[in-house]
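Student: Here it is, the structure in full.
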Amino acid sequence: SDVLRRSVLFRYLQISSFTNSSWMRTDALILLGELQTHSWSNASDTVSCVKPWAQGTFSSQQWVHLQNIFRVFRSSFTRDIQEFAKMLSLEYPMELQLSGGCEVHPGNISEHFLHVAYQGEHILSFQGTAWEPAPQAPHWVDLVIKVLNQDKGTRETVQWLLNDICPQFVNGLLETGKSDLEKQVKPKAWLSSGPSPGPGHLLLVCHVSGFYPKPMWVMWVRGDQEQQGTQRGDILPNGDETWYLRATLDVAAGEAAGLACRVKHSSLGGQDFVLYWGEKGLG
Ligand code: PBS
């Protein structure tokens, strides 16, 4: 099926804010492709599942074991950062971001990554068996690396999580979450006019909203002719696991008649939406 044929990205994203030496918080979330599977708020001792299938095919025993690893990790991480800040005389406030996970390709091939950013800049990563500084990292990062690499136990746990656990867990999620991951949600589409681009010109706006998954094709057309002046916006989240996109076209007022917005999406099964400018009183 679709989800098993394509590559899927699985990401753990953590944000830690250290306001001063005694105020800090850590929040995290986990994404599988476009969908959030887990959340971990500062107030909670454990990682929570936000999907009923988010434990994948792991047993309760394996799950409890991982929860313990993460609980220890979060408190050790907090302590480590405060010690590094002291040792290196770094100033508060500090923002640390972690991004780690794996990308599972068809045929049981997977790649993994674990990156750390300080004040929004990438400073170090885990590569192979050890921590390494990022290419443009400040010099003090070398000292951090030296200290981190002395902890063989942590390096082994990180390797195990990235090499073994991550792809195993993702393969389980692809099974248990199959129907959610493969869902198709049809968009709604409508036209409006935008702020006039200049005298005698119109800005035609085609809105497409509520679709899933993300890949979407939208163009202004005249008959079969795709209008090269079509400007596609960014794909924005509606916040309910569906997406929103708009496409605009700047035209001379006299040329708007006969233009249409054409929408192609996997949920439409080849039945493209076509909305004509000038219908229902517009234009
Ligand atoms: C402001 C300066 C910026 C510095 C940025 C540094 C960030 C580096 C990220 C480091 C992540 C690991 C932090 C904790 C680690 O140092 C260590 O204290 C603990 N290790 C673990 O919890 C292992 C799991 C790591 C998972 C990472 C997933 C993202 C505790 O280590 C001690 O106990 C373990 C067993 O629980 C081992 O015995 C280890 O040898 C021992 O030191």
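The values are calculated or read from the model by the stated rules, or taken from the named source; none is laboratory data. Computed from a prediction, not measured in an experiment: that's the story for all the values here. Cβ sites come from the backbone with ideal geometry, for glycine too, and all protein chains shown count toward neighbours. Only protein heavy atoms, including side chains, enter the accessible area calculation; ligands, DNA and RNA are left aside. Shrake-Rupley method; radii C 1.70, N 1.55, O 1.52, S 1.80 Å.
Student: Taking only protein heavy atoms and a 1.4 Å probe, what accessible area per residue, in Å², does segment 1-95 have with all protein chains in place? Don't skip to the end; give the middle numbers.
Tutor: Numbers: 5330 Å² over 95 residues.
Normalised by residue count, the accessible surface of segment 1-95 is 56 Å².
Student: How big is segment 135-189 in terms of Cα radius of gyration and Dmax, in angstroms?
Tutor: Rg then Dmax for segment 135-189, in Å: 19.9, 57.
Student: Take the Cβ-Cβ distance between ASP234 and ALA117 as r, set R0 to 22 Å, and report the resulting FRET efficiency rounded to the nearest 0.05.
Tutor: Details: r = 22 Å, r/R0 = 1.02.
The formula returns an efficiency of 0.45 here.
Student: Quick one: divide the alpha-carbon radius of gyration of the chain by 2.2 N^0.38 Å and tell me what you get. Don't skip to the answer; put the middle values down first.
Tutor: Details: Rg = 24.3 Å, N = 283, 2.2 N^0.38 = 18.8 Å.
Dividing the Cα radius of gyration by 2.2 N^0.38 Å gives 1.29.
Student: Which of the pairs LYS188/LYS214; LYS51/LYS188; LYS86/LYS152; LYS186/LYS214; LYS86/LYS146 have their Cα atoms more than 18 Å apart in this structure? Working shown, then result.
Tutor: On the way: LYS188/LYS214 14 Å; LYS51/LYS188 26 Å; LYS86/LYS152 23 Å; LYS186/LYS214 11 Å; LYS86/LYS146 16 Å.
Going by Cα-Cα distance, LYS51/LYS188; LYS86/LYS152 fall outside the 18 Å limit.
Student: Could you order TYR12, TYR276 so the one with the most accessible surface comes first? Probe is 1.4 Å. Could you put the intermediate results ahead of the total?
Tutor: Numbers: TYR12 30, TYR276 115 Å².
Of TYR12, TYR276, the descending order of accessible area is TYR276, TYR12.
Student: Using a 4.7 Å cut-off between beta carbons, which cysteines in the chain end up with no partner cysteine at all?
Tutor: CYS49
Student: Mind listing the phi-derived Karplus ³J(HN,Hα) values for segment 244-257, rounded to whole Hz, using 6.51, -1.76 and 1.60 with θ = phi - 60°, and x for any glycine or proline?
Tutor: 10, 8, 10, 10, 10, 9, 8, 10, 5, 3, x, 9, 6, 4
Student: Now a separate question. Of all accessible surface on segment 142-192 at a 1.4 Å probe, what whole percent is carbon and sulfur? It would help to have the intermediate numbers written out before the result.
Tutor: Details: 1480 of 2820 Å².
Carbon plus sulfur share of accessible area: 53 percent.
Student: Scanning the chain for helices, which whole DSSP H stretches are 20 Å or more long along the axis (Cα) and average -0.5 or more by Kyte-Doolittle?
Tutor: Details: long enough: 60-87 (40 Å, -0.46).
Qualifying helices: 60-87.
Student: Oh, and also: Rounded to two decimals, what is Rg over Rh for segment 129-243 when you use alpha-carbon atoms and the Kirkwood radius?
Tutor: Details: Rg = 24.5 Å, Rh = 19.9 Å.
With Rh from the inverse mean 1/r over Cα pairs, Rg/Rh is 1.23.
Student: So, with +1 on the Cβ of K and R and -1 on the Cβ of D and E, and no other charges, what is the size of the charge dipole of the chain about its Cα centre, to the nearest 20 debye? Intermediate values should be presented prior to the final figure.
Tutor: Working: 23 positive and 28 negative charges, 88 e Å.
The calculated dipole for the chain is roughly 420 debye.
Student: Also: Using the Karplus curve 6.51 cos²θ - 1.76 cosθ + 1.60 with θ = phi - 60°, work out ³J(HN,Hα) for each residue of segment 29-37 in order, rounded to whole Hz, and write x for Gly and Pro.
Tutor: Each residue of segment 29-37 in turn: 9, 10, 10, 10, x, 8, 9, 7, 9 Hz.
Student: What are the ³J(HN,Hα) values, in whole Hz, obtained from phi via the Karplus relation 6.51 cos²θ - 1.76 cosθ + 1.60 with θ = phi - 60°, for each residue of segment 205-220 in sequence order, with x given for Gly and Pro?
Tutor: In residue order, the calculated couplings are 10, 10, 9, 10, 9, x, 9, 7, x, 5, x, 8, 10, 9, 8, 7 Hz.
Student: Another one. Any chance you could get the radius of gyration and Dmax over the Cα atoms of segment 55-151, in Å?
Tutor: Just the Cα atoms of segment 55-151 yield Rg and Dmax of 15.8, 48 Å.
Student: Compute the label zone of GLN136 within segment 92-128: residues whose backbone N is under 12 Å from the point 7 Å along Cα-to-Cβ.
Tutor: Those under the cut-off are 121-123.
Student: Which one of CYS102, LEU35, GLN67 has its Cα pushed farthest toward the positive end of the charge dipole of segment 1-118, where Lys and Arg give +1 and Asp and Glu give -1 at the Cβ?
Tutor: Comparing the listed Cα positions along the dipole, GLN67 ranks first.
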